[in-house]
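**Q** Provided herewith is a single structure, encoded as structure tokens, for subsequent inquiry.
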Amino acid sequence: MDTRRDILGYAGSGLAAALLPVPAWAAADPWARAAAIARNARAPVFPAREFDITGHGAKGDGTTLNTAAIASAIEACSRAGGGRVLVPAGRFLTGAVHLKSNVNLHLAEGATLLFSTDPADYPIVFTRWEGIELMNYSPLVYARRQKNIAITGKGTLDGQASAQHWWMWKGPWRGTLDHGWREGMPDQRKARAMLFQMAEDRVPVEKRVFGDGHYLRPAFIQPYDCDNVLIEGVKLRGAPFWQIHPVLCRNLIVRGVDVMGHGPNNDGCDPELVDGALIEQCTFDTGDDCIAINSGRNEDGRRLATPSQNILIRDCRMQQGHGGVVVGSQISGGARWIFAERCTMDSPDLWYAIRFKNNALRGGLLENFYYRDLRVGQVARAAVTCDFNYEEGANGHFVPQLRNIVIERLRAAQATRVLDSQGLPGAPVTGITLKDCRFDGVTQPSVIRHTAGLRLDNVHVNGQRVTRLA
């Protein structure tokens, strides 16, 4: 336990407020809030009109560039008051696709949207990159300030990223997959540092212009500041960067999506500054975190001061990835009321099942996380981790705060560690409850530092009931 002097002295913080107990009304039945999130998640409804992209000149031969034809179909649908823009069976090469209000982009079975690998096919737009606003290449599928939009169907969106296209812009990477970069090749590092400094200096977003020559990869799907968003049924392959990246959205549903991408930073779904989201029945097999909840990096996150909240994740399958259900690290705006249930996680290449990552450069209040009925086959590092030493660690002036994590009925067949919880001096992780959980195949002791209020209720490790983790 850290002393009162430590707590009050840490960066002159207001951490004392973070140690206040959760209100009784919230603690009584938090899952009632999860049920309300599910009830309130309503898919957009579209008029019974259909606009086939081939009627606007699109050709599914895999070589004709159909950007203009697809834009024409979307525009016609929008002008008519909305409906469904149909991508029929075939391989339709395209640049950036920009959705408009009341448009459902529907990919029929056997349809593939094959995205161009030429950066010139992605115009500069207002977007977000690693938690910071900027002007950069358009995401492959993009919408900003639209209402009632959807991407549905049994078809495939293929970003065509590979060791030859997009991925090498990452620069040095510790992944096992060859991403194409070699010493001496250009990469994102200089532009990334420039963007981060611009945000710290509060340079207006319209002056943070990147794009050609800066090597910041575009996201795959990014609805930005949109209401009533549905992404359902489709397959995602070959992402240049983050795969599903909703930003500042309200009433978001991601359902039955099959997401596979093993390139650098191929996060599966990263809701950022989102209020009200249901993510269900999805499969994630990724080169980074499967689901990562974010709310802005450093000064940009504090400037917008918008937490991600009221998010329910259920009946999903997580395979390869750094973490299954993750919060952070671009989390300066905070996060709260996050729920996950009935998910399955299993891979020797999945690092953690439940992961929190933050540091003293990000800060942010993270509170009220409820997880239950999770089935974990194998994780490589720990079943649960709370990490305030991520990247910059203690090198910052903002207090990371994480409190009230309740995990019930988690079953892990093979977890190297049960828990790796490391706060910072004067900034402890506070209030972790493990209830009716079972961890088998444990070979390493848990790591618990700067952590207060760890509670074990009917927890078994390697077949033995335990009252403390060692």
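No value in this document is a laboratory result; all are computed from the given coordinates. Just so you know, these numbers come straight off a predicted model, no measurement behind them. Counting neighbours? That spans all protein chains shown, and the Cβs are built from the backbone with ideal geometry, glycine included.
**Q** Check which residues have an amide H placed less than 5 Å from CYS269's amide H, if you skip close sequence neighbours.
**A** Under 5 Å from the amide H of CYS269 lie the amide H atoms of ILE244, ILE291, ALA292, each far enough along the sequence or on another chain.
**Q** Using amide H atoms built in the peptide plane, which far-off residues or other-chain residues are under 5 Å from GLU232 H to H?
**A** ILE151, THR152, GLY153, ARG255
**Q** For THR54 and ASP258, what is the calculated FRET efficiency with R₀ set at 22 Å and r taken between the beta-carbons, to the nearest 0.05? Working shown, then result.
**A** Details: r = 25 Å, r/R0 = 1.14.
FRET efficiency, THR54 to ASP258: 0.30.
**Q** Another one. Looking only at the chain, where both bridge partners belong to it, what percent of the DSSP beta bridges are antiparallel (to the nearest 5)?
**A** Values: 10 of 145 bridges.
For the chain, the DSSP antiparallel bridge percentage is about 5.
**Q** For ALA452, which sequence-distant residues (separation of 5 or more, or a different chain) have an amide H within less than 5 Å of its own amide H, given hydrogens modelled in the peptide plane?
**A** Placed amide hydrogens put VAL429, THR430, GLY431 under 5 Å from ALA452.
**Q** Of all the stretches in the chain, which is the longest one without any exposed loop site, taking GluC sites (Glu not before Pro) in a DSSP loop (any state but H, G, I, E, B) with at most 16 other Cβ atoms within 10 Å?
**A** On the way: sites that count: GLU109, GLU183, GLU391, GLU392.
It runs 184-390.
**Q** Please report the antiparallel percentage of DSSP beta bridges with both residues in segment 370-470, rounded to the nearest 5. Don't jump to the answer; show the numbers that get you there.
**A** Working: 4 of 36 bridges.
Rounded to the nearest five, the antiparallel share is 10 percent.
**Q** In segment 329-436, which trypsin sites (Lys or Arg not before Pro) are in a loop and have at most 12 other Cβ atoms within 10 Å, using DSSP for the loop call?
**A** Numbers: sites: ARG336, ARG342, ARG355, LYS357, ARG362, ARG372, ARG375, ARG381, ARG403, ARG409, ARG411, ARG417, LYS435; in loops: ARG342, ARG362.
Loop-located and lightly packed - none at all.
**Q** Scan (i) 38, 24, 21; (ii) 79, 27, 18; (iii) 53, 21, 18 for the value of semi-axes √(5λ) of the Cα gyration tensor in Å calculated from this model and give just the label.
**A** Of the listed options (i) 38, 24, 21; (ii) 79, 27, 18; (iii) 53, 21, 18, (i) comes from this structure.
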